[in-house]
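A short worksheet on the structure shown next.
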Amino acid sequence: MSSSEKKEITGIAHIYTSFNNTIVHITDLAGNSISRTSGGMVTKQDRLKANPTVAMFVAKKSAEVARDAGITSLYVRIKAQTGSTAPGPGAHAAIKSLQKEGFKIISIIDVTCVPRGGPKKKGGKRGRRV
């Protein structure tokens, strides 16, 4: 391997987006944390934490640290709030921002937890009698 060839180091970008906040957490393949940034680290206004613009800055801030660690390509795992139908407004903006920062996006996976069945309903064996 010549000196002009750069060694490709792959990482995982965990993007958590709810309708209240956006968190970008970049790890290596073993799961060791490299950088973690949230909407509150970029803006102090609560109503803006889930904004696509703030999500872009969150991803940019995380990407700078990851690039310094030598990461060149990323697997992206999007997680929304458990039980919600879709990820928050910042998910798409965060992925676009990571790609603009020069990372090669290998795959994008939605890893949102889906409740199946859930806890027992109240009301006893025969239900609520009216």
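The values are calculated or read from the model by the stated rules, or taken from the named source; none is laboratory data. No experiment lies behind these values; they were computed from the predicted model shown. Cβ atoms come from the backbone with ideal geometry, glycine included; neighbour counts cover every protein chain shown.
A few notes on this one:
- The residue that is farthest from Asp110 (Cα to Cα), counting only those in region 70-99 that are touching a Gly at 6+ places or on another chain (Cβ under 8 Å) and aliphatic (A, V, I, L, M), is Ile71.
- Here Gly88 meets the list (1) in a loop (DSSP other than H, G, I, E, B); (2) surrounded by 15 or more Cβ atoms within 10 Å (Cβ to Cβ); (3) more than 12 Å from the chain's Cα centre (by Cα) almost entirely, failing just condition (3).
Rundown of residues vs (1) touching a strand residue (DSSP E or B) at 6+ places or on another chain (Cβ under 9 Å); (2) among the β-branched types (Val, Ile, Thr), yes/no style:
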{"site": "His25", "(1), (2)": "yes, no"}
{"site": "Ile34", "(1), (2)": "yes, yes"}
{"site": "Thr37", "(1), (2)": "yes, yes"}
{"site": "Leu48", "(1), (2)": "no, no"}
{"site": "Val58", "(1), (2)": "yes, yes"}
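- Taking the conditions (1) touching a helix residue (DSSP H, G or I) at 6+ places or on another chain (Cβ under 6 Å); (2) surrounded by 20 or more Cβ atoms within 10 Å (Cβ to Cβ); (3) in a strand (DSSP E or B) in turn, Ser97 satisfies each one other than (3).
- Residues that are assigned to a loop (DSSP other than H, G, I, E, B) and without any contact (Cβ under 8 Å) to a residue 24 or more places away in the chain within region 38-52 comprise Thr43, Lys44, Gln45, listed in sequence order.
- Check on Phe19, more than 21 Å from Ile106 (Cβ to Cβ), buried (at least 19 other Cβ atoms within 10 Å of the Cβ) and of a type in the set (A, V, I, L, M, F, W, C): no
- Sole residue being modelled with pLDDT under 95, surrounded by 11 or more Cβ atoms within 10 Å (Cβ to Cβ), closer than 29 Å to Ile9 by Cα and hydroxyl-bearing (Ser, Thr, Tyr), chosen from Thr72, Thr43: Thr72
- In region 83-105, the residues that are under 20 Å from Lys49 (Cα atoms) and at pLDDT below 90 never reach a residue that is of a type in the set (A, V, I, L, M) and loosely packed, with under 12 Cβ neighbours inside 10 Å with C-beta atoms less than 8 angstrom apart, at least six apart or across chains.
- On inspection, Val65 qualifies as outside any loop (DSSP other than H, G, I, E, B) and over 20 Å from Val111 (Cα atoms).
- Only one of the listed residues (Ala59, Ala55, Ala80) is under 16 Å from the mean Cα position of the chain (by Cα), buried (at least 18 other Cβ atoms within 10 Å of the Cβ), over 12 Å from Leu98 (Cβ atoms) and touching a residue at least 40 places away in the same chain (Cβ under 8 Å). That residue is Ala80.
- Filter pass, Asn21 being at pLDDT below 95 and touching a helix residue (DSSP H, G or I) at 6+ places or on another chain (Cβ under 6 Å): yes
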